[in-house]
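Chemist: I am attaching a structure below and will ask some questions about it afterwards.
Readers should treat all values here as calculations from the given coordinates under stated rules, not as data from a laboratory. Note that the structure is a prediction, hence the values are computed from the model and not measured. We place every Cβ from the backbone using ideal geometry, glycine too, and count neighbours over all the protein chains shown.
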Amino acid sequence: MLDMRNVSKIYRTTTVETHALRDFSLDVREGEFVAVTGPSGSGKTTFLTIAGLLEELTHGEYVLDGVDVHGLDDNQRSRLRNEKIGFIFQAFNLIPDLNVLDNVEVPLHYRRGIGAAERRRRATQALERVGLSARVRHYPAELSGGQQQRVAIARALAGSPRLLLADEPTGNLDTAMARGVMDLIEELHREGATVVMVTHDPDLAARAERNVHIVDGMASGIIEEPSMRPAVRAQGEGAFRIPGAED
Amino acid sequence: MSLYHLRLALQALRNSPVLTALMVLALAVGIGASMTMLTVLHVLSGDPLPGRSAHLYYPQIDPRPLGSGGNANPEPPGLLTYIDAENLLHQGKAARAAVMYQGGDVVQPPSGSALHPFVVNSRLTGRDFFSMFEVPFRYGAPWSAADDAGAAHVAVISQKLDRKLFGGADSVGRMLDYGGHSFRIVGVLAHWRPVPRFYDLNASRFGQVEDVFIPFNTARALNLGIEGSTNCYGRPGKDLDTSPCGYIQMWVQLDSRRAAAAYKRFLADYSAQQHAAGRFQRPPNVRLDDLMQWLAYRHVVPDDVRMQAWLALGFLLVCVVNTVGLLLAKFLRRSGEIGVRRALGASRRAIFAQLLIEAGMIGAAGAVLGLLLTMLGLYLVRRQPSGYAHLAHLQPSMLLATLALALLASLVAGLLPAWRASRIAPALQIKSA
């Protein structure tokens, strides 16, 4: 599903060269729940932005769901990002001027061949899935942090992505809300979603199947955490699908 | 996607009403100022005879004596003497030609009319005047070639005069008392208002056409007075027609460039002949401008109007630059949202299109307000005392041009901000959004 081999990312300015990732390799299989951990500045976020096709790698190879991303232009990368990846951000990153339903519909607007009715149906189902169908007309500012993150998860799910990329998904939440959000992510994983979560919190990382630790841009070790095994897997595919949704 | 962009643009504009209003106002003021002056320029610099102007020429020769004060202006004078006008008219090989001058005298209303005698302007010319300039007739037709040759007492009158004297009825065959002479009316013009009044730029350049048209030969035979310009290069005698005085305009129709070149050679040959005969002191000095060249040569569009148009366009540029700054601030303030959209699958092109549509909507609003300001500007121009002021009306073509200019200005203003915003790195924004 996500196959990075010897990936390096170097940020260059006129005077400084920063190696954010060095010779980093990771293979995430379909249906896995992997936590990428490490201290601040270790390269977790760089890994996430490269995995999410938000930045280009400097060296190495990255194959996402069978597509070699090297050499893709911005349009191709954007389309791949839109179709294959669902993002869950630490700061939720909902658009404050849009209501909940419109926020969830945003990624679907950038996908070809989805009409207004289908968009609405998928967004509504995604919101039902995260338990927020009663809040579709609310604006982000009218929701709690936990609810906002649920909306963000619904937005990530609405496009039926192959991979969920979560960046410190509970970082801005209190304990009770964080638990609810993590329960939801685990539930999605049990239903077959492939999840890669970046976190510096060992307790959260412990809920993943596998932990990858990054230090100074390098994978320092891959730790198997058998505590969480998916109870249910989608048959024959790894994409999370909302019942009735079609690509 | 476009409808989505439109909706987003509307929402974005509503979310920052003050900034939006500032940008719309900046564009509208720039559009209003520039379109007001461009409309005036357009009206004044338009082709009064589209499709025919390239075939109509204004011949000039130089009969001035040496040291007559004309040394300051090397170009030949714009008016012909009677002798030269007659010679050119009868020797030239133009397809059509008309000599003319402006007169003016008293019209005596028909008996039984409640009107008092009144003064009108007249054009004393040949019958080709009407066909060369495609003058429309409401009743009747121009006088005949025989009328021209025989100095017949015939006249063509304007629609305005026909209404005044005869209530707008077909007055062909009725008599007109002009300057104490009786003329049989042979034609009544339909509405005709060439802008500028190209055929005689010595009189009111943007005024109305004359009310009475009488054959040139008739006018000279009756010695009808001259109301237009007269330039004498020496001491005039009792008879203006034998004096060294120019007062006649001449227009010729030449249907090809070859014909025009031949006619110009004819003018030079004629001048050389007159020079050899001792009548012209100067060597041949001729001009032959077509209608539009003639208007440019005579600076029909006042220099101050051109300057004001340039100033107004400069002002529009300032407004556009101002709008660029405001749009840049507006778009970059939304870096977080743009980063999120990019992360969710929007390409740079999609973001660019979204923001450009937003700029276009500002342009559309600016166009509507700019149109109102243009109309206000033209109203203010019409209240000025200049000769062309009454012509300052918004024409359909300029209305469309206003809308197009506003949209273009807003899109140009939006290009840089939209491009800059579309290059926002999503990776940086999603952490801080």
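Chemist: Remind me, relative contact order of chain A in percent, using alpha carbon pairs under 8 angstrom and six or more residues apart?
Modeler: 28
Chemist: Based on a Kirkwood Rh over C-alpha pairs, give the Stokes-Einstein translational diffusion coefficient of the range A:59-153 at 25 °C and viscosity 0.890 mPa s in µm²/s.
Modeler: Rounded to a whole number, D works out at 167 µm²/s.
Chemist: Below 12 angstrom from the Cβ of B:MET132, what's the summed charge of the other residues (Lys, Arg +1; Asp, Glu -1)?
Modeler: In short, 0.
Chemist: Using mean Cβ contacts within 10 Å as the protection proxy, how do B:267-273, B:33-39 order, highest first?
Modeler: Top to bottom by mean Cβ count within 10 Å: B:33-39, B:267-273.
Chemist: In addition: Taking Cβ-Cβ under 4.7 Å as the only way to count a partner, pick out the unpartnered cysteines of chain B.
Modeler: Singleton cysteines: B:CYS319.
Chemist: Enumerate the lysines that B:LYS160 could reach by cross-link, defined here as Cα to Cα under 20 Å, with residues fewer than 8 away along the same chain left out.
Modeler: Answer for B:LYS160, where 20 Å is the Cα cut-off: none of the lysines qualify.
Chemist: With bins 10 Å wide starting at 0, give me the P(r) of the range A:1-84 over every alpha carbon pair, in whole percents.
Modeler: Reading the bins upward from 0: 16, 50, 29, 4, 0.
Chemist: In the protein assembly as shown, if the dipole is taken from +1 on Lys/Arg beta carbons and -1 on Asp/Glu beta carbons about the Cα centre, which of B:GLY173, A:LEU157, B:ALA203 is farthest to the positive end?
Modeler: The Cα lying farthest towards the positive end belongs to B:GLY173.
Chemist: To the nearest whole number, what is the average tally of beta carbon atoms from other chains within 10 Å of the beta carbons of peptide A:106-113?
Modeler: 5
Chemist: I need the semi-axes of the equivalent ellipsoid of the protein assembly as shown: take the C-alpha gyration tensor, multiply each eigenvalue by 5, square-root it, list largest first in whole angstrom.
Modeler: Rounded to whole Å, the semi-axes are 87, 27, 19.
Chemist: Amide H neighbours of A:PHE24 under 5 Å, at least 5 residues apart or on other chains, H built in the peptide plane: list them.
Modeler: So A:PHE24 has HN proximity to A:ASN6, A:VAL7, A:SER8.
Chemist: Mean separation of Cα pairs under 8 Å and 6+ residues apart, divided by the residue count of the range A:51-162: what relative contact order is that in percent?
Modeler: 36
Chemist: So for the range B:62-285, taking the charge dipole from beta-carbon charges (+1 Lys/Arg, -1 Asp/Glu), which of B:MET100, B:LEU115, B:GLN281 sits furthest toward the positive end?
Modeler: Checking the options against the dipole of the range B:62-285, the answer is B:GLN281.
Chemist: Here's something else I'd like to know. Give me a comma-separated list of calculated 3J(HN,Hα) values for the range B:224-234, in order, Karplus coefficients 6.51, -1.76, 1.60 applied at θ = phi - 60°, integers in Hz, x for any Gly or Pro.
Modeler: Going residue by residue, I get 5, x, 9, 9, x, 6, 9, 10, 9, 9, x Hz, with x marking Gly and Pro.
Chemist: Here's a follow-up. What percent of all Cα-Cα pairs in chain A falls in each 10 Å bin, counting up from 0?
Modeler: Percent of pairs per bin, in order: 8, 32, 37, 20, 4, 0.
Chemist: Using amide H atoms built in the peptide plane, which far-off residues or other-chain residues are under 5 Å from B:GLY103 H to H?
Modeler: When sequence neighbours closer than 5 places are left aside, the close amide H contacts are B:SER122, B:ARG123, B:LEU124, B:GLU227.
Chemist: Then there is this: Other chains' Cβ within 10 Å of B:5-17 residues: what's the mean?
Modeler: 1
Chemist: Taking only Cα atoms of the range B:62-285, what ratio of Rg to Rh do you get with Rh as the Kirkwood inverse-distance radius?
Modeler: The Rg/Rh ratio comes out at 1.00.
Chemist: Still on this structure: Sort A:SER133, B:SER2, B:SER243, B:SER422 by Cβ crowding within 10 Å, fewest neighbours at the top.
Modeler: Neighbour counts put them in this order, fewest first: B:SER2, A:SER133, B:SER243, B:SER422.
Chemist: Once you average over the residues of B:327-338, how many Cβ atoms of partner chains fall within 10 Å of each Cβ?
Modeler: 1
Chemist: With only alpha-carbon atoms in the gyration tensor, what are the semi-axes of the equivalent ellipsoid for chain B, in Å, largest first?
Modeler: Working through the eigenvalues yields semi-axes of 60, 26, 18 Å.
Chemist: To continue, here is another question. Which whole-Hz ³J(HN,Hα) couplings does the range B:323-339 yield from phi under the Karplus relation 6.51 cos²θ - 1.76 cosθ + 1.60, θ = phi - 60°, glycine and proline marked x?
Modeler: Each residue's phi maps through the Karplus curve to give 5, 4, x, 5, 5, 4, 4, 5, 6, 6, 5, 9, 4, x, 4, 5, x Hz.
Chemist: If you plug each phi of the range A:200-211 into the Karplus form 6.51 cos²θ - 1.76 cosθ + 1.60 with θ = phi - 60°, what whole-Hz ³J(HN,Hα) values come out, in order, with x for Gly and Pro?
Modeler: With the stated coefficients, the range A:200-211 comes to 10, 8, x, 5, 5, 4, 5, 7, 8, 6, 8, 10 Hz.
Chemist: Continuing with the same structure: Would you mind putting A:82-90, A:2-10, A:166-174 in packing order, based on average other-beta-carbon counts within 10 Å, highest first?
Modeler: Descending packing order for the listed peptides: A:82-90, A:166-174, A:2-10.
Chemist: In the range B:62-285, if the dipole is taken from +1 on Lys/Arg beta carbons and -1 on Asp/Glu beta carbons about the Cα centre, which of B:ALA155, B:TYR233, B:PRO76 is farthest to the positive end?
Modeler: B:PRO76
Chemist: Okay, next question. Counting only residues 5 or more places away or on other chains, whose amide H sits under 5 Å from the amide H of B:SER243 once H atoms are built in the peptide plane?
Modeler: B:GLY237
Chemist: Among DSSP beta bridges whose residues both lie in chain B, state the antiparallel percentage, nearest 5.
Modeler: Counting DSSP beta bridges with both partners in chain B, the antiparallel share is about 80 percent.
Chemist: Which of the peptides B:43-54, A:54-65, B:230-241 is most tightly packed, and how do the rest follow, judged by the mean count of other Cβ atoms within 10 Å per residue?
Modeler: Output ranking for B:43-54, A:54-65, B:230-241: A:54-65, B:43-54, B:230-241.
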